[in-house]
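One structure is given here, and the rest of the page talks about it.
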Amino acid sequence: SQKIEQNSEALNIQEGKTATLTCNYTNYSPAYLQWYRQDPGRGPVFLLLIRENEKEKRKERLKVTFDTTLKQSLFHITASQPADSATYLCALVTNAGKSTFGDGTTLTVKP
Amino acid sequence: EPEVTQTPSHQVTQMGQEVILRCVPISNHLYFYWYRQILGQKVEFLVSFYNNEISEKSEIFDDQFSVERPDGSNFTLKIRSTKLEDSAMYFCASRRLGTGNIEKLFFGSGTQLSVL
């Protein structure tokens, strides 16, 4: 069956360090992969999208990689800040537009 | 930035009652979705809707669930006879484009449904 796994439920890092979150999937051939941020009691907010033929995407302090051979995406936040503390979700998207979400990783950035 | 609006923000109901959750998607969006998130669990796909019909639904979306776009702006999710396990945060989402032209999903802030 299809499975999406995000590396850990919680990740704690010190302010200024780089946070690296992992999303692995099996039995799936997504056309796209997205990363969202979710704050408590709120809906997910889109951050980045990467297509299957792209290796890397950047946006300000965010970087996403997509390796379809390893079936893995890495999400990096450089120079992390306490305001980056949130749950980060990866979502696999089919060509039909359906998004399937992972469990999420809760990032805490300590000052 | 335009927003997806959901009402109410919190709904409390008795088991067996019908509830209607309401959403106003972004005005020029064509694809609409309902997702739900049980406390502490992942965001789960329920249904997608395009051109006034369901385009895909999950196994969660059984005969107790229905969706409607009664006018040009609202998109509703109805649960006919609520069960305790329907308690969750329900998110509406919309997208401007779809197949072959994937863009981001815009999510509303959710309706927290509590079934007692």
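Things to note:
- Residues that are surrounded by fewer than 23 Cβ atoms within 10 Å (Cβ to Cβ), touching a Gly at 6+ places or on another chain (Cβ under 9 Å) and facing chain B (nearest Cβ under 7 Å), drawn from segment A:86-100: A:N95, A:A96
- Here A:Q81, A:Q38, A:Q2, A:Q6 are screened, and the one residue that is open to solvent by 10 Å² or more (accessible area, probe 1.4 Å) and away from every other protein chain (no Cβ under 14 Å) is A:Q81.
- Flag for A:G16 being among the small types (G, A, S), more than 15 Å from the chain's Cα centre (by Cα), within 12 Å of chain B (Cβ to nearest Cβ) and open to solvent by less than 60 Å² (accessible area, probe 1.4 Å): no
- Matching residues, segment B:68-84, being closer than 24 Å to A:G41 by Cβ and either free of Cβ contacts under 8 Å to residues at least 24 places away in the same chain or surrounded by 19 or more Cβ atoms within 10 Å (Cβ to Cβ) (or both): B:F75, B:L77, B:I79, B:T82
So that you can scan it fast, the table gives a plain yes or no per residue for (1) touching a residue at least 60 places away in the same chain (Cβ under 8 Å); (2) among the β-branched types (V, I, T); (3) over 17 Å from B:E68 (Cβ atoms):
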{"site": "B:T5", "(1), (2), (3)": "yes, yes, no"}
{"site": "B:S9", "(1), (2), (3)": "yes, no, yes"}
{"site": "B:L30", "(1), (2), (3)": "yes, no, no"}
{"site": "B:W34", "(1), (2), (3)": "no, no, no"}
{"site": "B:L39", "(1), (2), (3)": "no, no, yes"}
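- Test: residue in segment B:69-76 that is within 10 Å of chain A (Cβ to nearest Cβ) and of a type in the set (G, A, S): no
- Restricting segment B:26-46 to residues that are in contact with a strand residue (DSSP E or B) (Cβ under 6 Å, 6 or more places away or on another chain) and farther than 21 Å from B:V115 by Cα leaves a set whose member that is most open to solvent (accessible area, probe 1.4 Å) is B:Y31.
- Test: residue in segment A:45-53 that is acidic (D, E) and either under 22 Å from A:N12 (Cβ atoms) or more than 14 Å from chain B (Cβ to nearest Cβ) (or both): no
The values are calculated or read from the model by the stated rules, or taken from the named source; none is laboratory data. Not measured: the values here are computed from a predicted model. Heads up, the Cβs are rebuilt from the backbone with ideal geometry, glycines too, and the neighbour counts pull from every protein chain shown. Accessible surface areas use protein heavy atoms only, side chains included; no ligands, DNA or RNA. Shrake-Rupley method; radii C 1.70, N 1.55, O 1.52, S 1.80 Å.
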